[in-house]
Amino acid sequence: MVLDIVIFGGIGDLALRKLLPSLYYLHRDGQMPGQSRILCVSRAEKPRHEFLDLVKEKLAHFLGQDFSEEVWKAFSEVLLYEKIDLAGYDDWVKLKDYLNIGPTDNRNIIYYLSVTPSLFTPICEQLKTNNLNPDCSRVVVEKPLGEDHESACQINDILAKSFSEKQIYRIDHYLGKEAVQNILHLRFSNHLMETVWNKDHIEKIEITVSETVGVEGRAGFFDRTGTLRDMVQNHLMQLLNYIALEPPKSLEADHIRDEKLKVINHLVPIDAGNIAQSSIRAQYSAGKIDDKPVMGYLDDIAEQPYKVDGKGETFVALKVFVDNERWRGVPFYLKTGKRLDRRHAEICIIFKPPETQFYDEPDSNQLIIQIQPELTVSINLLMKKLLGTGSALNKHQNQMDLHSGDTKKVRVPEAYERLLREVIKGDQTYFVRGDEILASWKWIDAIREAWQSESIEMQEYPAGSIGPSLE
Ligand code: BG6
């Protein structure tokens, strides 16, 4: 089996920071076929030795102790660089000669479009015109995949003109995280979980992704986009889908993705009627992170070279309902923001108290799935104190940490590495399907419209705080 990976935007930030380090590991760990080549392309003229020096420097930086001269030597042999002018006929002929696709090839070709979506059209058109899109080829794209339903439709159309849905891999890097991939295992391997996974037993679910970073030099993009579109439409909705979906017919990619789509289609719309009680949008003001003073959002973006209007929200909280038999009436609280008190992402399932309550219990049973920084699943059980002088009423919440592996001993691959491995295998399970992305945009668009039509105020929260709360 021959594998060709062509990275458009091949010396861009994502390629150097995430893609090439991931491919280094996959190559080192024998996860790529023997005959593999990686071709990085971009507009810049660059001799191969300069390209290799650049990649080596970045790998050494990002991989730290995992970088080894010996592995690099072997890896660098599969790396190539080409300048491609997207509008230049000769450059595409060069790519065609290089790939040399035959009629009965036993091979895979992966095109990774690590470029702005405005370049999807010329690249996809050229790949098609030059017959570089055979069935054995796959195309990988990632967010931002549109900024609303309409633009997402356009992107889907562009891709569909050159590739079938089976060939398209839309990345949401949250789907490459170990803890997220563990959700279905946890739900469907345990009778204990699946029997209580519904409105009869669950009181509410909190999905939180908090960051300490600010807009980090991305003011232009971020202010236009805001957290609802940057984080909720994709990462948080994916987490919600995995928690809420019905058992799929099988673990085949499309069976799982069918169920995720059904969840989105059953989300109760957040619109003008309920926006005020169901959402918060906010921006951070000056505060402290790790005891260091940081500026507020408006001052942060004023420092940057772009002229922006300061309307992007850096925090969103939503109260969401899934209107189906399993979940009717159970609130899902989605919360995400920048410049919050700590970096962490977790899903907390809060169970109802037992029907007969003998004990006056202020706490609740909880199942907590930590996505980052730690990778743990824990259960809070209420029980009698083992030692001490208390009576049976002297209880405490006992948190049991159930690790699925010792992350200190095992290297946990990064999201991109996992996802690239799946693309190489040709498994679309952890990639977002075209219809799913459109459905999620439709739901998100209604929230943005309601923020506008109901003039929902932009709240403020001090940097380093936990942000405003909906409850
Ligand atoms: C990206 C967003 O998709 O996810 C960023 O564009 C955000 O704004 C990032 O910081 C968070 O990813 P992670 O993996 O660090 O939680």
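The values are calculated or read from the model by the stated rules, or taken from the named source; none is laboratory data. Just so you know, these numbers come straight off a predicted model, no measurement behind them. Using ideal geometry, Cβ is built from the backbone for each residue, glycine included, and neighbour counts are taken over all protein chains shown. Just so you know, the surface numbers come from the protein's heavy atoms only, side chains and all, with ligands and any DNA or RNA stripped out. Shrake-Rupley method; radii C 1.70, N 1.55, O 1.52, S 1.80 Å.
Below, the figures for the structure above:
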quantity	calculated
Odd one out for I84, checked against (1) at pLDDT below 95; (2) open to solvent by 40 Å² or more (accessible area, probe 1.4 Å)	(2)
All positions within the range 203-235 that are more than 23 Å from L375 (Cα to Cα), out of contact with any Gly (no Cβ under 7 Å at 6 or more places or on another chain) and not acidic (D, E)	G214, V215, G217, R218, A219, G220, F221, L228, R229, Q233
F188, sole failed condition from (1) under 20 Å from the mean Cα position of the chain (by Cα); (2) closer than 26 Å to G434 by Cβ; (3) open to solvent by 50 Å² or more (accessible area, probe 1.4 Å)	(1)
Counted residues, the range 210-241 - those being touching a helix residue (DSSP H, G or I) at 6+ places or on another chain (Cβ under 6 Å) and near the ligand (Cβ under 9 Å from one of its atoms)	2
Tally, over the range 212-247, of residues that are open to solvent by less than 30 Å² (accessible area, probe 1.4 Å), over 21 Å from R342 (Cα atoms) and not in a helix (DSSP H, G or I)	1
Every residue from the range 139-183 that is aliphatic (A, V, I, L, M) and either assigned to a helix (DSSP H, G or I) or farther than 17 Å from D230 by Cβ (or both)	V139, V140, A152, I155, I158, L159, A160, I168, L175, A179, V180, I183
Segments classed as helices (runs of 4 or more DSSP H), wholly inside the range 248-325, with at least 3 members that are out of contact with any Lys or Arg (no Cβ under 9 Å at 6 or more places or on another chain)	253-265, 297-302
Residues of the range 423-456 satisfying the condition of being touching a residue at least 40 places away in the same chain (Cβ under 8 Å), farther than 27 Å from V330 by Cβ and of a type outside the set (F, W, Y)	V423, I424, G426, D427, Q428, G434, S453
Residues that are of a type in the set (D, E) and at pLDDT below 95, drawn from the range 408-433	E414
Candidates Q65, Q35 - the one that is in contact with a Leu (Cβ under 9 Å, 6 or more places away or on another chain), among the polar types (S, T, N, Q) and more than 26 Å from S118 (Cα to Cα)	Q35
Unique match (being modelled with pLDDT under 85 and in a loop (DSSP other than H, G, I, E, B)) among S455, S391	S391
Per-region count, the range 422-443, residues of a type in the set (D, E, K, R) and open to solvent by less than 20 Å² (accessible area, probe 1.4 Å)	2
Criterion: out of contact with any Gly (no Cβ under 7 Å at 6 or more places or on another chain), within 16 Å of the ligand (Cβ to nearest atom) and open to solvent by less than 60 Å² (accessible area, probe 1.4 Å) - qualifying residue of L334, L261, L267	L334
Which numbered condition N398 fails, given (1) modelled with pLDDT of 95 or more; (2) outside any loop (DSSP other than H, G, I, E, B); (3) surrounded by fewer than 17 Cβ atoms within 10 Å (Cβ to Cβ)	(1)
Pair list, Cβ < 6 Å and 6+ apart or interchain, from the range 139-158 residues that are open to solvent by 30 Å² or more (accessible area, probe 1.4 Å) to residues that are more than 16 Å from the ligand (Cβ to nearest atom) and of a type outside the set (S, T, N, Q)	D148/D445; H149/K442; H149/D445; I158/F120; I158/C124
Near pairs, Cβ below 7 angstrom, 6+ apart or cross-chain, from the range 359-370 (closer than 26 Å to R187 by Cβ) to any residue that is part of a loop (DSSP other than H, G, I, E, B) and open to solvent by less than 60 Å² (accessible area, probe 1.4 Å)	Q370/T376
Long-range neighbours under 7 Å by Cβ, at least six apart or interchain, first residue charged (D, E, K, R) within the range 1-20, second open to solvent by less than 10 Å² (accessible area, probe 1.4 Å) and in a helix (DSSP H, G or I)	D4/L99
Failed condition for C124, given (1) open to solvent by less than 20 Å² (accessible area, probe 1.4 Å); (2) in a strand (DSSP E or B)	(2)
Hits in the range 206-250 (condition: at pLDDT 95 or above and over 18 Å from the mean Cα position of the chain (by Cα))	E246, P247, P248, K249, S250
Any hit, the range 339-359, residues being closer than 30 Å to T195 by Cβ, of a type in the set (D, E) and surrounded by 13 or more Cβ atoms within 10 Å (Cβ to Cβ)	yes
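A quick yes/no check of all residues on (1) surrounded by fewer than 18 Cβ atoms within 10 Å (Cβ to Cβ); (2) closer than 13 Å to V6 by Cα; (3) among the β-branched types (V, I, T):
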| site | (1), (2), (3) |
| --- | --- |
| H27 | no, no, no |
| G34 | yes, no, no |
| R37 | yes, yes, no |
| S42 | no, yes, no |
| D53 | yes, no, no |
| K56 | yes, no, no |
| E69 | yes, no, no |
| K73 | yes, no, no |
